[in-house]
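Structure, as structure tokens:
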Amino acid sequence: MRKQATSSLRSIVIIFGLISLFVGFLLPGQARVVREMKQSYQNEDPKDLIRVIKDLQQRKAELSGEQQELTQKVDQYIRASDDTAAQVKQLEGEIAVLRQRMGATALEGPGIRVTLTEQSSGATPSILADEDLLLLLSDLWASGAEAISLNGIRLTDTTSVYRAGLNIRVGDKVTNMPLVIDAIGDAENMSKGLQIPGGALDLLNLRRISAIVQKVNPISIK
Amino acid sequence: MVGFVTVCGLVIGIVLGIVRPVHIPAVYSKYVGLALLAGMDSILGGIKGYLKDSFDATVFFSGFLINSLVAALLGYLGDQLGIDLYLAAVVVFGSRMYQNIAIIRRVLLKKEA
């Protein structure tokens, strides 16, 4: 009897334990679902929902307007920055050209080499005059020379070139004949430019200065 | 002893339910709620029966199952018919829970006396 009662109690306890465990297990899940449903709109009054929808539509219209304004602003900024970028590029290009002409950058490229030799034979020796040399140089610049050197001395926009006795002063350096003039640029253009009638070569010819023009590639001017 | 086990079982069940939550679809949450209400009423009824020495495991277990099912079905039927039939389950099981708790309280107090 006692054994039966004990086993009966045990089974009762087990049953209660299991069923309360099962019910307890489902309770949090149920509470969570109800909480989520409250946060959603499923159980709201239709009138409230209509009001919410109208508010949201108005807000959407306002935000669309704002978005359009901002998009236009962004476009403006992009266009402005594109312009700025183009200007910067142009300026950079100009700087590069100026640096070249200043002699700040070493260059290498196709060009021509003009070798001037005075002739010491004959009744009067020929002497290269300043004006002739300057004419030759300006003809070269005009024909598209990007860089010129005289006997390896780089010429810039501000370099002075003049005859001083037997020497030729190029800026603060001294050199003498024969003169090898290297010019980087369009070789075709430059040689044609020199050969125009009445041009530098003609004049040098008159003065009996020998001028040999060669197309050289590449020429290196530091 | 039985009360203690029941409370422990509930607590452990709740803790398990929090740690490993079961996903109840929102559509069925109402019916699950009704079934849980019926289940809790059955547990209290069982405790009452045990304290009054009239507990029957078969009656208890079948009562738990059937009452839970019927409560859920009433809710579902009411939704289909467009009437709040679930209220019947809420009122009945709610009032039964109150009665059972009252009886349990009286029996426990008598026993202590």
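Please compute the contact order of chain B in relative form: average sequence separation of alpha-carbon pairs under 8 Å and at least six residues apart, divided by the residue count, as a percent. Mind dumping the intermediate values first?
Working: 85 pairs, mean separation 34.1, N = 113.
Relative contact order here is 30 percent.
If R0 equals 25 Å, the separation of the Cβ atoms of B:D56 and B:S95 corresponds to a calculated FRET efficiency of about 0.65.
Dipole orientation for segment A:90-222: of the candidates A:N189, A:A104, A:Q119, A:Q119 has the Cα lying most toward the positive pole (charges on Cβ; Lys, Arg +1; Asp, Glu -1).
Other residues whose C-beta falls under 12 angstrom from the C-beta of B:R105 contribute a net charge of +3, scoring Lys and Arg +1 and Asp and Glu -1.
Just add up the charged neighbours of A:F22: K/R +1, D/E -1, any other residue whose Cβ is under 15 Å from the Cβ of A:F22. Can you show the working numbers first?
Working: positive: B:R20; negative: B:D41.
Surrounding charge for A:F22 is 0.
For chain A, what are the DSSP H helices with axial Cα length of 15 Å or more and mean Kyte-Doolittle hydropathy of at least 0.5? Those that clear 15 Å and a mean of 0.5 are A:2-39, A:130-142. Under a Gaussian network description of chain A, with springs only between Cα atoms under 10 Å, the residue in A:E118, A:E66, A:E36 that fluctuates furthest is A:E36. In plain terms, the residue of B:D41, A:D132, B:D79 with the fewest other Cβ atoms within 10 Å comes first and the most crowded comes last, giving B:D79, A:D132, B:D41. Name the shape class, rounded, prolate or oblate, that the alpha-carbon gyration tensor gives for chain A, where a ≥ b ≥ c are the square roots of its eigenvalues, rounded holds for a/c under 1.5, and otherwise prolate holds if a/b is larger than b/c and oblate otherwise. It is prolate, given that a/c is not under 1.5 and a/b is the larger ratio.
With the cut-off at 1.5 for a/c, could you classify segment A:109-221 from its C-alpha gyration tensor as rounded, prolate or oblate?
Working: a/c = 1.74, a/b = 1.24, b/c = 1.41.
In terms of gyration-tensor shape, oblate.
With contacts taken as Cα pairs under 8 Å and at least 6 residues apart, chain A reaches a relative contact order of 25 percent.
Rounded, prolate or oblate, given the Cα gyration tensor of chain B, with a/c below 1.5 counting as rounded? It would help to have the intermediate numbers written out before the result.
On the way: a/c = 2.39, a/b = 1.50, b/c = 1.59.
Cα axes put chain B in the oblate bin.
Inside 10 Å of the C-beta atoms of A:27-39, what's the mean count of C-beta atoms belonging to other chains? Let's see the in-between values first.
Values: counts 10, 10, 10, 10, 7, 7, 12, 6, 0, 2, 3, 0, 0.
That works out to 6 on average.
Note on segment A:48-175: with charges restricted to the Cβ of Lys and Arg (+1) and Asp and Glu (-1), its dipole about the Cα centre is near 260 debye.
Would you mind checking A:K38/A:K60; A:K47/B:K30; A:K173/A:K215; A:K89/A:K222; A:K192/A:K215 for any pair whose Cα atoms are more than 20 angstrom apart? Don't skip to the answer; put the middle values down first.
Numbers: A:K38/A:K60 25 Å; A:K47/B:K30 24 Å; A:K173/A:K215 26 Å; A:K89/A:K222 25 Å; A:K192/A:K215 11 Å.
Flagged as over cut-off: A:K38/A:K60; A:K47/B:K30; A:K173/A:K215; A:K89/A:K222.
Every read-out reported here was derived from the displayed coordinates using simple, explicitly stated rules and does not represent laboratory data. Given the structure is predicted, the values throughout are model-derived calculations rather than measurements. Cβ sites come from the backbone with ideal geometry, for glycine too, and all protein chains shown count toward neighbours.
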